[in-house]
Amino acid sequence: AKDAEIASMNEALTTSTSSVASLQSELEQTKSIIAIKDSEIASLTSSVSDNDKFVSQLIAKDAEIASMNEALTTSTSSVASLQSELEQTKSIIAIKDSEIASLTSSVSDNDKFVSQLIAKDAEIA
């Protein structure tokens with residue numbers, strides 16, 4: 001009976017030893033997989049960091065574009081205002097040109113009248 005018990009325990013011990021060896025092999029494979037996954041995580045973390053930097057640059061560019069658009073809008077408004085002022089100034093110049101032409105005509109008429117008066121004075125004298 002003792003021999004049967006010892007034989008049974010030897011068989012159980014052999015099975016257990018085999019199981020331990022199998023589990024140790026599986027554990028080593030799992031550790032290897034974990035190392036590979038850690039490497040993948042490091043690579044992905046680096047990519048995410050690079051992407052974050054790129055997104056930050058894009059956000060900065062968007063802010064710069066918004067600022068430039070605002071400046072352009074202000075500039076366009078200023079140009080429109082200056083164009084309006086220029087048109088008003090041209091209109092004033094046209095009015096002044098008309099006044100100058102009218103005054104020039106009056107002076108010319110006055111010069112003729114003065115010349116006639118001088119001629120009359122000479123005739124009278």
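List of remarks:
- Per-residue [θ]222 nm for the chain (sum of -39500 (n - 2.57) over DSSP H runs n ≥ 4, rounded to 500): -38000 deg cm²/dmol
- Once all protein chains are placed together, LEU58 keeps about 80 Å² accessible to a 1.4 angstrom probe.
- Between the Cα long axis of helix 2-124 and the first principal axis of the chain there is an angle of about 0°, rounded to the nearest 10.
- The convex hull defined by the C-alpha atoms of the chain has an orientation-averaged projected area of 14.3 nm².
- Top of GLU64, GLU40, GLU99 by mean-square fluctuation, Gaussian network on the chain, Cα under 10 Å: GLU99
- Highest-MSF residue in the chain out of ASP62, ASP111, ASP50 [GNM, Cα springs under 10 Å]: ASP111
- Spatially close Lys pairs in region 6-125, defined by Cα atoms under 28 Å apart and a spacing of eight or more places or different chains, total 4.
- Seen from a random direction on average, the alpha-carbon convex hull of region 47-116 projects onto 6.0 square nanometres.
- Of all accessible heavy-atom area on the chain, the percent that carbon and sulfur account for (1.4 Å): 61
- Ligands, DNA and RNA are left out, and with a 1.4 angstrom probe the accessible area of region 38-89 is 85 Å² per residue.
- Largest mean-square fluctuation among SER91, SER22, SER56, in a Gaussian network model of the chain whose springs join Cα atoms under 10 Å apart, belongs to SER22.
The values are calculated or read from the model by the stated rules, or taken from the named source; none is laboratory data. Just so it is clear, the model here is predicted, and its values are computed rather than measured. Areas reflect the complete protein model, heavy atoms only, side chains present, ligands, DNA and RNA absent. Shrake-Rupley method; radii C 1.70, N 1.55, O 1.52, S 1.80 Å.
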